[in-house]
1. Within the range 18-31, count every residue that is more than 12 Å from the chain's Cα centre (by Cα) and over 16 Å from LYS74 (Cα atoms).
2. Is it the case that GLU71 is surrounded by 16 or more Cβ atoms within 10 Å (Cβ to Cβ), among the acidic types (Asp, Glu) and either out of contact with any strand residue (DSSP E or B) (no Cβ under 9 Å at 6 or more places or on another chain) or in a helix (DSSP H, G or I) (or both)?
3. Is it fair to say LEU39 is surrounded by fewer than 15 Cβ atoms within 10 Å (Cβ to Cβ), in a helix (DSSP H, G or I) and at pLDDT below 95?
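The values are calculated or read from the model by the stated rules, or taken from the named source; none is laboratory data. None of these values were measured; they are calculated from a predicted model. We place every Cβ from the backbone using ideal geometry, glycine too, and count neighbours over all the protein chains shown.
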Amino acid sequence: MAITTNNISDMAKKVGKSGVNPLKIQNFLGGIDYPVGKLDLLKKARENGASQDVMNILERIADKEYTNPAEVTKEAANAR
């Protein structure tokens, strides 16, 4: 599935239902260069002062390389 503006909006609603705003997640990933792996996402979020709820979501995403912020948001929306 291609990632579009509508897809990102739908993903944002899913993540929002889990109590974590996807924009909040992206705020804590500011300054990261893509592509990036899960461990580097966690490290950057921690360095940027991410709350425990954000860290919990990022810990549950797949351990793979992400090519852009939208992929991280999509993965976070599906993290349970």
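1. First, the residues of the range 18-31 that are more than 12 Å from the chain's Cα centre (by Cα): 18-19, 31.
Imposing the further condition that a residue be over 16 Å from LYS74 (Cα atoms) reduces the set to 31.
Going through the range 18-31 one residue at a time, the tally reaches 1.
2. Yes; evaluated as a whole, the condition is true for this residue.
3. no
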